Structures are given as structure tokens and as C-alpha cells.
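I have placed the structure first, in the form of C-alpha cells, so that the comments after it can refer back to it.
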Amino acid sequence: PVAAVLLFLAAILSAFAYLRMEELDREQEALKRDVEYAQQRVRLRLLERQEQLMRVARDLSNQDLERGDFVNRTEDLISQYPELQAITWIDAGRRIIASRAAPSLAASNPWVAGEKLSPGDTETTFGLARDLLQPVYSQPAASSPTMPMLQLHTPLTDQSRFAGVILGEYSIDNLLRYAVPTELSAKYAVALLDSNGNL
């Protein structure tokens, strides 16, 4: 009888352990699905903004957009999409033609019309966009820890020759706030890591 009781207890304990492992597996699968969904939403939001900046770049390249129109159009984009913090037009000689920033960034916007890009992260990524003639994302090291930014350099072309970039700057905090579905941000603490695993 003692052996039967022990065997019965062992069977119950192994059933509980099996059920617990199944539950943990289900939780892990749900977490994995939620992370993939959040990544998809962030990627989609970035692609939508990238397409809008590419339209601005195309219109500038085709000379369908004047400086005044650029200012109005970029102000509309910035007011419509809270993750967009600044949009700057830079010519092939690295000179800033025009720049618009969100009210929260306007006072500290480093991009002043008429000035040139100084050496650093932004200037390096500008060169990469020029060489590849493709949109290039970067996270400048100079980006403020209180307001980390993500930059997108979208090249301008003049008859397939490089003519400058449209520099879009995104607030990473706002990107997470508006791109990650609320049901996921209510359920989890969500953070964005760079390619080196840094927060």
C-alpha cells in the first residue's frame, strides 16, 4: 500500500509538473507572438513615414516643390505624426536649405538654414545615403539621452545624380508610444534596443 501511495503521488506530481511546463510554454509562445506583432507595427509605422519622406524627396527632385511649399508640407507632417520631430532639407554640398521641427524641439533644433553639416554621425550617414542612393537609418551618438532620436536620410536625385537628402528625425519614445498597440504596452514594459543590445 505504501508503494501504491508513493506511485500515486509521483504520478500527480509529474502531471502537475507537465501542466506547469505546458503553461510556461504557452506563456512564452504568447510573449513571442506579442513581440513579433509589436515589431511589425513599429516597422510598418517607420515604413509609412519613410514613404511620406520619399514623396517629399521625389517632389523636390522633380522640382515640384519650392522652399515655401517644403516648409508647409513638413509642418503638416510633423503636426500629424508625433514621432516625427524634425525634417531638414540638405543639399549635395551638405548645406542646410530649410528645416522644420516640432514645437518641443524647435528651440534646440541644431539645423539652421545656410549652415553646413559638421563632421559627426549625421555627416557620416549623409555620405552613406549619397554613396548608396538609398534611404539610410541611423541613431546618432549625439542624440540626447532624455530624447533619443532615430534619423532617416532619404537621398534627393537630379537625373540620377545625388542632390542632397531629406533628413527625418524621429523621437524613439513617441515611436514606441504610438506604434506599439496599447494592449501590449499595458501588458508589458516595452523598450527598444540598438544593434549592440543597448537600451
message = Leaving out ligands, DNA and RNA, and with a 1.4 Å probe, what % of the accessible surface on segment 1-143 is carbon or sulfur?
response = 56
request  = Report, to the nearest 10°, how far helix 67-80 tilts away from the longest principal axis of the Cα atoms in the chain, using its own Cα long axis and a range of 0 to 90°.
outcome  = 20
message = Please give me, ordered by residue number, the GluC sites (Glu not before Pro) of segment 1-107 that lie in loop per DSSP and have at most 12 other Cβ atoms within 10 Å.
response = E66
remark   = Longest principal axis of the chain (C-alpha) makes with the long axis of helix 121-132 (C-alpha) an angle, in degrees to the nearest 10, of 80
query = Given a cut-off of under 8 Å on Cα pairs at least six residues apart, what relative contact order in percent is computed for the chain?
reply = 21
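Going by a ≥ b ≥ c, the root eigenvalues of the Cα gyration tensor, does the chain fall in the rounded group (a/c under 1.5), the prolate group (a/b larger than b/c) or the oblate group?
On the way: a/c = 3.29, a/b = 3.17, b/c = 1.04.
Prolate, because a/c is 1.5 or more and a/b exceeds b/c.
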query = Per residue, what accessible area does segment 128-199 have, given a 1.4 Å probe and all protein chains present, in Å²?
reply = 56
ask   = How long is the gain from M54 to S79 if the chain were fully straight, where each residue apart is worth 0.36 nm and the alpha carbon distance is subtracted?
value = 7.2 nm
ask   = Tilt of helix 2-61 relative to the longest C-alpha principal axis of the chain, in degrees (0 to 90, nearest 10)?
value = 10
request  = Counting only heavy atoms of the protein chains, get the accessible area per residue of segment 6-100 (1.4 Å probe) and round it to a whole Å² value.
outcome  = 65
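The values are calculated or read from the model by the stated rules, or taken from the named source; none is laboratory data. Worth saying up front: this structure is predicted, and the values here are computed from it rather than measured. All Cβ positions, even for glycine, are placed from backbone atoms using ideal geometry, and neighbour counts span all protein chains on display. Side chains are part of the model used for accessible areas, which takes the heavy atoms of the whole protein and leaves out ligands, DNA and RNA. Shrake-Rupley method; radii C 1.70, N 1.55, O 1.52, S 1.80 Å.
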